Amino acid sequence: MKVLIVEDDPLHRSYLHEAVNAALPECDTVIEAENGTVGEKLAREHKSAHIVMDLQMASRNGIEAARTIWKERPETRILFWSNYSDEAYVRGVSRIVPDGAAYGYVLKSASDERLKLALRSIFIESQCVIDREVRGLQQKSLGQTNGFNDSEYEILVDIALGLTDRAIARRRGLSLRSVQNRLQQLYDKLDVYQAASDDNDDGRFNLRARAITIAFLRKLLNYSALERAEAELQEWLDGK
């Protein structure tokens, strides 16, 4: 068995190397990459390797690297090892996982035993392993406990990109009324409100701008999520 570690922090790479050796006596080769770009290259050279992937790296983040790797080899098993439990990261991963792929998402704050269990569960038993804290955010992602369903989240991203209601309707194949209804649902779930106006004030907030601000504060959006979304938007515009 081969395991590829993709992590930009040398100390973290060393820790993961030791964890892999301790958890997986079946592993005879551990390969290390210092960023996502090198990780993609080594994944092509070692096609049978399972992968432990950091998410936030200076050169080519983990989500983009995993997207490329899975596109070329969808059966690859990947354990994401991250500092971040933000919903933006959780959604970023869940959107790119191929059907049937075994993967995991474990926080760097997890215990040594939890990490070793995840390594064996994913790489040996082909089971998916998601940290408890992250799993709670996934449940919100599915629309539970006042969270966002996928359609609502797409519209949240679209307004963050600056698209008008009509442009969102065209891009998502929705009626204008459907877009407007979902915007109202977003505002309700984000507790965005228009303050009562008086004679000298037409309202204190621009609702769209306020929604995006709250989404960033609640970690529903982040730079990486919008960077990916901007690239997808350009692909859509180019294909029109």
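The values are calculated or read from the model by the stated rules, or taken from the named source; none is laboratory data. Remember, it's a predicted structure, so these values are computed and weren't measured experimentally. As a convention, Cβ positions derive from the backbone with ideal geometry for all residues, glycine included, and neighbour counts pool all protein chains shown. Keep in mind that these areas ignore ligands, DNA and RNA; they rest on the heavy atoms of the full protein, side chains included. Shrake-Rupley method; radii C 1.70, N 1.55, O 1.52, S 1.80 Å.
Flag not set for Ser94, criterion: open to solvent by 10 Å² or more (accessible area, probe 1.4 Å), closer than 30 Å to Ile214 by Cα, among the polar types (S, T, N, Q) and in contact with a helix residue (DSSP H, G or I) (Cβ under 6 Å, 6 or more places away or on another chain).
Scanning the stretch 1-42 for residues that are without any contact (Cβ under 8 Å) to a residue 24 or more places away in the chain and hydrophobic (A, V, I, L, M, F, W, C) returns a single hit, Leu11.
Is it fair to say Leu237 is at pLDDT 90 or above, open to solvent by 60 Å² or more (accessible area, probe 1.4 Å) and assigned to a helix (DSSP H, G or I)? Criteria met by Leu237.
Scanning the stretch 113-127 for residues being open to solvent by less than 80 Å² (accessible area, probe 1.4 Å) and either touching a helix residue (DSSP H, G or I) at 6+ places or on another chain (Cβ under 6 Å) or farther than 15 Å from Val3 by Cα (or both) gives a total of 5. Assessment of the stretch 112-127 against the conditions (within 17 Å of the chain's Cα centre (by Cα) and touching a residue at least 12 places away in the same chain (Cβ under 8 Å)) yields no matching residue. Screening the stretch 1-110 for strands (runs of 3 or more DSSP E) wholly inside it with 2 or more residues that are farther than 27 Å from Lys219 by Cα returns the ranges 2-6, 29-33.
Scanning the stretch 147-179 for residues that are surrounded by fewer than 14 Cβ atoms within 10 Å (Cβ to Cβ) and at pLDDT 85 or above turns up Gly162, Thr164, Arg166, Gly173, Ser175, Leu176, Arg177. For the stretch 60-90, the tally of residues that are surrounded by 22 or more Cβ atoms within 10 Å (Cβ to Cβ) and over 21 Å from Glu40 (Cβ atoms) stands at 3.
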